[in-house]
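Following: one structure in structure tokens, then a few remarks.
The values are calculated or read from the model by the stated rules, or taken from the named source; none is laboratory data. Every value quoted in this text rests on a predicted model; they were computed, and no experiment measured them. So basically every Cβ, Gly included, is an ideal-geometry build from the backbone, and we count neighbours across all protein chains shown. What goes into the accessible areas is simple: the full protein's heavy atoms, side chains included, and nothing from ligands, DNA or RNA. Shrake-Rupley method; radii C 1.70, N 1.55, O 1.52, S 1.80 Å.
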Amino acid sequence: RPRRASNTPRRAAAQTAPIAEGAAAIGLSIRHAGTQLSETNLRRIEKLGLHTVGDALRHYPHRYHDFSRTVPIAQLRIGEEQTIRGAVDRVRALRMGRGGRMKATAATITDKTGARIRVIWFNQPYLAKQLPAGTEIAISGMVKAYRGRPTFDNPAFERLSGEQRHTGRLVPVYHLTQGLAQRTLRETITGLVDRFVEHDILR
């Protein structure tokens with residue numbers, strides 16, 4: 001019997017295709033480079049003019065955040081970009097704004113001195129499940145004021161395990177397009193560099 005066509009939308013086409021080597025990798029479509037990006041994010045990246053591996057590798061940061069040093073929460077300075085390390089003490093998803101239209105995740109982070117800070121991620125309610133209480137975490141971003149006390153709004157973050165790509169070091173900042181997260185583009189470009197640099201295509 002003929003197989004029925006699936007109505008399930010396909011993710012990025014042929015993402016498991018063999019990896020090209022040498023100069024051929026420069027012209028390899030990002031869609032075939034094993035990035036595991038969704039179709040939506042692929043289209044957003046293509047709006048930046050990034051269609052091939054070579055395009056991505058030449059999409060240089062326009063500036064860097066220096067998150068190479070961490071500071072105790074009690075020593076944070078409002079108006080500066082800084083990094084802290086601590087553990088998630090409390091976390092919850094919440095609704096904000098008129099009619100509760102905006103969803104967010106709010107958390108309290110406690111460092112080893114016992115100092116605490118409020119952190120909020122707007123439009124990211126799913127983080128409440130990804131960052132349960134007890135999670136060791138690094139937070140990087142602009143320190144703002146909330147009721148006279150330091151806070152982070154939509155900071156970069158990473159769990160304190162494995163390689164750190166978004167915190168605790170010099171972090172590249174790229175030009176974006178609407179709907180494309182800095183974190184998504186940074187991970188994509190870093191992943192392509194890691195995967196293709198061994199093929200000696202960057203010389």
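Is it true that Leu94 is in contact with a Pro (Cβ under 7 Å, 6 or more places away or on another chain) and more than 29 Å from Leu192 (Cβ to Cβ)? Here the answer is no, as Leu94 does not meet what is asked.
Residues checked against (1) at pLDDT below 90; (2) surrounded by 13 or more Cβ atoms within 10 Å (Cβ to Cβ); (3) not in a loop (DSSP other than H, G, I, E, B); (4) not β-branched (Val, Ile, Thr):
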residue	(1), (2), (3), (4)
Ala5	yes, no, no, yes
Ala13	yes, no, no, yes
Ala20	yes, yes, no, yes
Ile26	yes, yes, yes, no
Gly34	yes, yes, no, yes
Leu37	no, yes, no, yes
Asn41	no, yes, yes, yes
Glu46	no, yes, yes, yes
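If you check Val119 against the conditions, is it touching a Phe, Trp or Tyr at 6+ places or on another chain (Cβ under 6 Å) and surrounded by 15 or more Cβ atoms within 10 Å (Cβ to Cβ)? Yes: the conditions hold for Val119. The set of residues in the stretch 71-99 that are part of a strand (DSSP E or B) and more than 16 Å from Ile139 (Cβ to Cβ) comprises Arg92, Ala93, Leu94, Arg95, Met96. Within the stretch 182-203, being open to solvent by less than 70 Å² (accessible area, probe 1.4 Å) and at pLDDT below 85 holds for Phe196, His199, Ile201.
Is it true that Thr151 is out of contact with any helix residue (DSSP H, G or I) (no Cβ under 7 Å at 6 or more places or on another chain), open to solvent by less than 20 Å² (accessible area, probe 1.4 Å) and either among the β-branched types (Val, Ile, Thr) or without any contact (Cβ under 8 Å) to a residue 12 or more places away in the chain (or both)? For Thr151, the condition - out of contact with any helix residue (DSSP H, G or I) (no Cβ under 7 Å at 6 or more places or on another chain), open to solvent by less than 20 Å² (accessible area, probe 1.4 Å) and either among the β-branched types (Val, Ile, Thr) or without any contact (Cβ under 8 Å) to a residue 12 or more places away in the chain (or both) - is met.
Listed here are the residues, each with its yes/no results for (1) over 19 Å from the mean Cα position of the chain (by Cα); (2) surrounded by fewer than 19 Cβ atoms within 10 Å (Cβ to Cβ); (3) within 15 Å of Thr151 (Cα to Cα).
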| site | (1), (2), (3) |
| --- | --- |
| Glu80 | yes, yes, yes |
| Val91 | yes, no, yes |
| Leu94 | yes, yes, no |
| Arg98 | yes, yes, no |
| Met102 | yes, yes, no |
| Thr105 | no, no, yes |
| Gln124 | no, yes, no |
| Gln130 | no, yes, no |
| Thr135 | no, yes, no |
